[in-house]
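The values are calculated or read from the model by the stated rules, or taken from the named source; none is laboratory data. No experiment lies behind these values; they were computed from the predicted model shown. Ideal geometry is used to build each Cβ from the backbone, glycine not excepted, and the neighbour counts take in all protein chains shown.
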Amino acid sequence: MNSYMQGKWSWVEGAHGARNGLINELSDADLAFSMGGQTMTLGALCREFGEIEHSYVESLKTLKHDWSYHNQEAGLENSVSKLQAWYQTLDSQMKETVAAFSDEDLKQMVERDAAGGGFPASIELQLEIYLQALAIFAGKFSIYLRAMDKPLPADFLAFIG
C-alpha cells in the first residue's frame, strides 16, 4: 500500500462521505431547485461536480487533465439515485487508481491544461487540489440546502464545519 493510501486517503473518503450525506438528503424534486438569476439547478450543480471528479480520475490515469468531459446521460440531473450510482462508480475508480500507484508513481506529474491553471502537478498535489474542489462543491451545495430551508446533515457539519 502506498503512502497516500496509508496517510491521506481517509481525507478523500471522508470528503466523499460528506458529499454523499448531502446527496442523501435530497429528493428528485429538490434537484430542480434554482436560486434564480444565473444560478444552475441543484441537479446541474451535482452533474457538474461529477464531471469534475471524472476529470480528476482520468487525469490520474492519463497524467493529463482535460476538462472537456460532459455527461450526457438522460435524466441524470433529475435523479438522486442516478447521481448516487455515478458518484459511487467515480469514487471506486479513483480509489482503485490511487491504490495501484507505488510511492514513486505518486511523484509523477499531471499536465494540467489552461482551464486548470496550466501548471504541472504531482499526483499527490493533484489529489490535494481535488480535495479543494470537493470542499468548494460542498460549500456551494450547502448554500442550496440553506436556501431550500433544509438542515445540513450532522456528518457534513462534523467533516466540513
Handout entry: Number of the exception - A29 against (1) within 12 Å of the chain's Cα centre (by Cα); (2) more than 16 Å from L90 (Cα to Cα)
Key = (1)
Exercise for the section: Filter the range 32-63 for residues that are over 19 Å from the mean Cα position of the chain (by Cα) and buried (at least 17 other Cβ atoms within 10 Å of the Cβ) and give the result. Expected result: F33
Practice task
State yes or no: is S102 surrounded by fewer than 12 Cβ atoms within 10 Å (Cβ to Cβ), touching a residue at least 12 places away in the same chain (Cβ under 8 Å) and farther than 22 Å from A44 by Cα?
Solution key: yes
Handout entry: Residue tally, condition small (G, A, S) and surrounded by 15 or more Cβ atoms within 10 Å (Cβ to Cβ), over the range 136-157
Key = 2
Exercise for the section: Given the conditions (1) under 18 Å from C46 (Cα atoms); (2) hydrophobic (A, V, I, L, M, F, W, C); (3) surrounded by 12 or more Cβ atoms within 10 Å (Cβ to Cβ), report the number of the one that A74 does not fulfil. Expected result: (3)
Completion exercise
With the first residue restricted to the range 16-45 and required to be over 16 Å from S79 (Cβ atoms) and in contact (Cβ under 8 Å) with a residue 40 or more places away in the chain, and the second required to be among the charged types (D, E, K, R) and outside any loop (DSSP other than H, G, I, E, B), Cβ contacts under 6 Å at 6 or more apart or on different chains are H16/D91; G21/D155
Handout entry: Filtered residue count, the range 108-150, keeping only those that are among the polar types (S, T, N, Q), within 24 Å of G14 (Cα to Cα) and not in a helix (DSSP H, G or I)
Key = 1
Handout entry: D66 vs. criteria more than 18 Å from the chain's Cα centre (by Cα) and not hydrophobic (A, V, I, L, M, F, W, C)
Key = no
Exercise for the section: Confirm whether G161 is modelled with pLDDT of 90 or more, surrounded by fewer than 18 Cβ atoms within 10 Å (Cβ to Cβ) and under 16 Å from A18 (Cα atoms). Expected result: no
